[in-house]
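Each remark here refers to the structure printed beneath this line.
Please treat every number below as a calculation from the coordinates, not as lab data. The model shown is predicted, which means the values in this text are computed figures rather than measured ones. Please note: Cβ atoms are built from the backbone with ideal geometry, for glycine as well, and neighbour counts cover all protein chains shown.
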Amino acid sequence: MKHIRLTRYRKWRNVFHQSWMMIALLAMLFIPLVLVAGLIMKSMLLLENHPLFELLFSSDWSPLSSRFGFLPFIVSSLWITILSLLISAPVCLLTAIHLTQYAKRWVLRIMHPVIDILAGIPSVIFGVWGILVIVPFISHQLGPLFGKSVSGYSILAGAFVLSIMIIPFMLNMLIDIIKAVPNELQEASLSLGASKWQTIKFVVVRKALPGIVSSFGLGMSRAFGETIAVLMVVGNVTRIPTGVFQPGYPLPALIANNYGEMLSIPLYDSALMLAALILFLVVLMFNVFSRFLILKAETH
Amino acid sequence: MNTKTEEKFFRVLMFLSTIFIVGVLLLIVVSVLYKGLPSLSFTMLTTIPKGGFYFGEEGGILNAIIGSIYLSLGATFLAFIIGWPIALYMNVYLVKHHTLVNAIRFVFDVLWGVPSIVYGAFGFILMVFLGVRASLLAGIITVSLFIVPIMVRAIDESLKSVPRGLLESALSLGSTRSEISYRIFSREAFQGIITAILLSFGRAIGDAASVLFTTGYTDRIPTSLMEPSATLPLSIFFQLSSPIEAVQDRAYASATVLISMVLIISLLSRFIGNRRN
């Protein structure tokens, strides 16, 4: 029998490609570690002088006199994130059920590109749109409706713009998750005499619940880290907001707005890096938790 | 409320929320174009900012357009030569190690979710550490860091659908795994790879938070990798923060340029993706 032998060249080429692939993979897996290490190292400067508890729960933010209370930013971020989820979650869930259970094929054919295009629109465009449409709407229509005269640059504007931004992201996941519910389950339910709506409510949604929750979690983490669009419409006032019509100042906006002057004030850069670290850890937690939930749901 | 009316009620709601999503997309595109198109002019696309540009005088945004294209091309290229081999490695070399591959997918999925401002801050730390100034190169590296996960997962998804039998028969015929990767798997998943590149490019050109720290801003067109560069999203952002109306109008015009670029990329990848079926 004649052996087909690898020429030395082909063998070498395989080794070369394999090494490059491995190096690339290891490097990319290494990056998050370097990222965390870098952020921790930078924020240590601040943490050495200020206890973490004080930083997180003080609302006194005056970098010039070296007081860094992150509470206004954390509270703003929470307000905006939760509010945006409250707006977008029902819309996404309803649309996902509509598209997977009721919609005709031509509707799907329109909706797929719509979702894709919406997902591809850059965040700065959402910001521009927010300034053009949402801010005037809040200031001229919604504010007076509640008897308030407001500028429109507010938590509500940020939340609204964000909710639109995370819709395509969550909707795509929800469609996949609901589609993954086995048909047999639905058929069994229908054959027992349940109506289509009862089947959706008690079988499809029930079965897809872990996936639905985790897609909301991922949407929330996306909202939490979104920067430019929110920054443009939220007003950026350092104060703990007490209502949705008030301006806020979320964490990502804090980082983005002050990058210019951060090197001229001592500890300022360290504080901003701590903000980035907080952002990273929160998003990481949400992501790991949600993805884990999806994985568990898939294997069961 | 009985089930019938409940279903009717929710069907109306579902229909409305679907309409809402389409309506919002139309509203975004139309309102930006409506505001931007009237101020868009040929000179804006072909000149760089002149002396009083930021006070509403002559000039254009060519610096930002070219800068954004340089940046996105560079970052996409870098992400591609890192991400493509990684995806191949996962699907050709590690094909037996299911748990490991799933763990890697998990990591990239999580990395995909990290906000770009965090990458921006990290890029800034790296720059300070290495003693480099804000430059096109720093921007390219930072942006590529955050589009690699997108690239890997998108290519990975299309490689996943290549039949396993192809790998086995090629191996049995004596092909090396690198030949299988680049000659067979990449060819099979060609359209998926192109779509992944376009997706990453779209992400790169639209992101502002990561380049804010790392790429800087300048009125000139960069001539080397070590020079700072303007980018379209930042140019929109800066012009819109101006109190002068003429400058704001130009921000809307710049937004029109950016949205058109992104729409073209979207349509292109849709067109390529559809040819598969």
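Which loop trypsin sites (Lys or Arg not before Pro) in segment A:222-300, with loop taken from DSSP, have no more than 15 other Cβ atoms within 10 angstrom of their Cβ?
Details: sites: A:ARG222, A:ARG239, A:ARG291, A:LYS296; in loops: A:ARG239.
Loop-located and lightly packed - A:ARG239.
Quick one: A:SER149, B:SER242, B:SER158, fewest Cβ neighbours within 10 Å first, how do they rank?
Numbers: A:SER149 8, B:SER242 15, B:SER158 23.
Lowest count first: A:SER149, B:SER242, B:SER158.
For peptide B:72-82, compute the average count of partner chain beta-carbon atoms within 10 Å of each residue's beta-carbon. If you can, show how the numbers build up before the last one.
Details: counts 0, 0, 0, 0, 0, 0, 0, 1, 0, 2, 7.
That average works out to 1.
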Cα shape, segment A:8-150, gyration tensor, a/c 1.5 rule: oblate
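Apply the a/c threshold of 1.5 to the C-alpha gyration tensor of chain A and tell me whether it is rounded, prolate or oblate. Let's see the in-between values first.
Numbers: a/c = 2.12, a/b = 1.13, b/c = 1.87.
Here chain A falls in the oblate category.
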Segment B:THR223-B:SER161, length gained on full extension (0.36 nm per residue, minus Cα span): 18.1 nm
Calculate for chain A the 222 nm mean residue ellipticity that helices alone would give, adding -39,500 (n - 2.57) per DSSP H run of length 4 or more and normalising by residue count, nearest 500 deg cm²/dmol. -22500 deg cm²/dmol
Given A:LYS196/B:LYS160; A:LYS207/B:LYS8; A:LYS179/A:LYS201; A:LYS207/B:LYS96, the pairs whose alpha carbons are separated by over 25 Å: A:LYS196/B:LYS160; A:LYS207/B:LYS96
Once each part is reduced to its C-alpha centroid, what is the distance from segment A:26-80 to segment A:92-155 in angstrom? 32 Å
What FRET efficiency comes out for B:ARG133 versus A:ARG206 if R0 is 56 angstrom and r is the Cβ-Cβ distance? Round to the nearest 0.05. 0.50
I'd like the distance separating the alpha-carbon centroids of segment A:221-242 and segment B:73-112, in whole Å. 33 Å
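Taking neighbour Cβ counts within 10 Å as the exposure measure, how do A:VAL205, A:VAL233 sort from fewest upward?
Numbers: A:VAL205 15, A:VAL233 28.
Fewest-to-most ranking of A:VAL205, A:VAL233: A:VAL205, A:VAL233.
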Taking the simple approach of a point 7 Å from Cα along Cα-to-Cβ for both B:PHE190 and B:SER241, what is their distance in nm? 4.7 nm
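Expressed as a rounded percentage, what relative contact order does chain A have, with Cα pairs under 8 Å and six or more residues apart? Working shown, then result.
Details: 358 pairs, mean separation 78.7, N = 300.
Computed over chain A, the figure is 26 percent.
Where in segment A:181-269 are there GluC sites (Glu not before Pro) that are in a DSSP coil and have at most 13 other Cβ atoms within 10 angstrom of their Cβ? List each step's numbers first, then the result.
On the way: sites: A:GLU184, A:GLU187, A:GLU226, A:GLU261; in loops: A:GLU226, A:GLU261.
Hits after loop and neighbour filter: A:GLU261.
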How large is ³J(HN,Hα) for each residue in segment A:107-115, as worked out from phi by the Karplus curve 6.51 cos²θ - 1.76 cosθ + 1.60 (θ = phi - 60°), to whole Hz, x for Gly and Pro? 5, 4, 5, 7, 6, 4, x, 4, 5
Qualifying trypsin sites (Lys or Arg not before Pro) for segment B:1-97 [loop in DSSP, other Cβ within 10 Å: at most 15]: B:LYS50, B:LYS96
Name the long-range amide H neighbours of A:TRP61: under 5 Å, sequence gap of 5 or more, or other chain; modelled H, no Pro or chain starts. A:GLY69
Label point 7 Å out from B:ALA103 along Cα-to-Cβ: which residues of segment B:57-82 have amide N under 14 Å? none
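How much length would be gained if the chain were fully extended between A:ALA27 and A:SER149, taking 0.36 nm per residue of separation minus their Cα-Cα distance, in nm to one decimal? Kindly include the intermediate steps, with their values, before the conclusion.
Working: separation 122, 0.36 × 122 = 43.92 nm, distance 5.33 nm.
Difference between extended and current length: 38.6 nm.
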Within 10 Å of each Cβ in B:157-167, the average number of Cβ atoms from other chains: 0
Given the DSSP H assignment, sum -39500 (n - 2.57) over each helix run of at least 4 residues in chain B and divide by its residue total; what's the result at 222 nm in deg cm²/dmol, nearest 500? -23500 deg cm²/dmol
For each of B:MET127, A:MET273, count neighbouring Cβ atoms within 10 Å of the residue's Cβ, then give the residues from fewest to most. B:MET127, A:MET273
Report the label-to-label distance for A:THR242 and A:PHE292 in nanometres (one decimal), using points 7 Å from each Cα along the Cα→Cβ vector. 3.9 nm
Once you have a ≥ b ≥ c as the square roots of the Cα gyration tensor eigenvalues for chain B, tell me rounded if a/c is under 1.5, and otherwise prolate or oblate according to whether a/b is larger than b/c. oblate
Alpha carbon convex hull of segment A:8-49, volume per residue in cubic angstrom: 43 Å³
Hey, rough spin-label estimate for B:VAL30 and A:ILE82, points 7 angstrom out along Cα→Cβ, what's it come to in nanometres? 3.6 nm
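If N is the number of residues in the protein assembly as shown, what value comes out of its Cα radius of gyration divided by 2.2 N^0.38 Å?
On the way: Rg = 24.9 Å, N = 577, 2.2 N^0.38 = 24.6 Å.
Normalised Rg, Cα atoms only: 1.01.
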